[in-house]
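Novice: Below are the structure tokens for one structure; questions will follow.
The values are calculated or read from the model by the stated rules, or taken from the named source; none is laboratory data. What you see is a predicted model, and the numbers here were worked out from it, not measured in a lab. Cβ placement follows ideal geometry from the backbone for every residue including glycine, while neighbour counts extend to all protein chains displayed. These accessible areas exclude ligands, DNA and RNA; they are computed on the full protein's heavy atoms, side chains included. Shrake-Rupley method; radii C 1.70, N 1.55, O 1.52, S 1.80 Å.
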Amino acid sequence: FASVGASVVSHVYPAAFPKNWHVLLLCCLWYFIGSGILQLLLSFVELESIVLLRYKEKRDRRPYGLNVSTHFPRYQDVFTLGVTPLPSGSLGLVSAPKFKPEQPEEGEPLASDDHTQVHWSVAELFDERGVFYEEKCMDMARAFLRKYHSESDRLAGGSGEGKKVQ
């Protein structure tokens, strides 16, 4: 927001163009520095994250939340949905385990110590005319998250029942 604020300052500055060139220069520099910082955060910290989820109640051995990531390489037909634990809030994303997509059999979840993932062919999610089956995609993602949630509850000492993933 600060970068956009710099552009607003350059527009509302009371002097005309030749007299406010130094303000325009500073605003442009501020905007490019802010954009560069955001790009670095996206490239090296967030990676392929699409959403960070937080548990409603904290349990002893369960992490603070989940980092849900996707991986869909160019010119491929395999879509990967992955979940990694988030040990602390979103600021802990820097030190959290990174999502590393691996290639198991299609539709079978792959679990390791630091992440769980599942792969689907995009042919399952589109028809021959290119219409996206949104409900089917959401159902597949919900089923995967439910399975992950029940497994993590079982490992954390909970029953895994009574919780609803929406």
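Novice: Ordering Lys98, Lys136, Lys19, Lys56 by how much accessible area each has at a 1.4 Å probe, largest first, what is the list?
Specialist: Of Lys98, Lys136, Lys19, Lys56, the descending order of accessible area is Lys56, Lys19, Lys136, Lys98.
Novice: Might you work out the accessible area of Ile50 for me, using a 1.4 Å probe with all protein chains in place, and round it to the nearest 10 Å²?
Specialist: 110 Å²
Novice: Can you give the accessible area of Leu93 in Å² (nearest 10), computed on protein heavy atoms with a 1.4 Å probe?
Specialist: 10 Å²
Novice: To the nearest 10 square angstrom, how much accessible area does Trp30 have with a 1.4 angstrom probe?
Specialist: Trp30 exposes around 140 Å² with every protein chain in place.
Novice: If you take the C-alpha gyration tensor of the stretch 9-82, multiply each eigenvalue by 5 and take the square root, what semi-axes do you get, largest first, in whole Å?
Specialist: In descending order the semi-axes read 42, 20, 9 Å.
Novice: Just to verify a number: FRET efficiency for Ser7 and Arg74, C-beta to C-beta distance, R0 = 41 Å, to 0.05?
Specialist: Approximately 0.80, to the nearest 0.05.
Novice: If you don't mind, another one. Calculate one ³J(HN,Hα) per residue across the stretch 5-11 by plugging θ = phi - 60° into the Karplus curve 6.51 cos²θ - 1.76 cosθ + 1.60, and present them in order as whole Hz with x for glycine and proline.
Specialist: Karplus values, whole Hz, x for Gly and Pro: x, 5, 5, 5, 4, 5, 7.
Novice: From the phi angles alone, apply the Karplus equation (6.51, -1.76, 1.60; θ = phi - 60°) to the stretch 30-40 and give each ³J(HN,Hα) in whole Hz, x where the residue is Gly or Pro.
Specialist: 4, 5, 5, 5, x, 5, x, 5, 4, 5, 5
Novice: So how do Arg142, Arg54 rank on accessible area, 1.4 Å probe, biggest first, that is with the largest at the start?
Specialist: If we order Arg142, Arg54 from most to least accessible, we get Arg54, Arg142.
Novice: Related question: Accessible area, 1.4 Å probe, largest first: how do Thr116, Thr80 sort?
Specialist: My answer, sorted largest first, is Thr116, Thr80.
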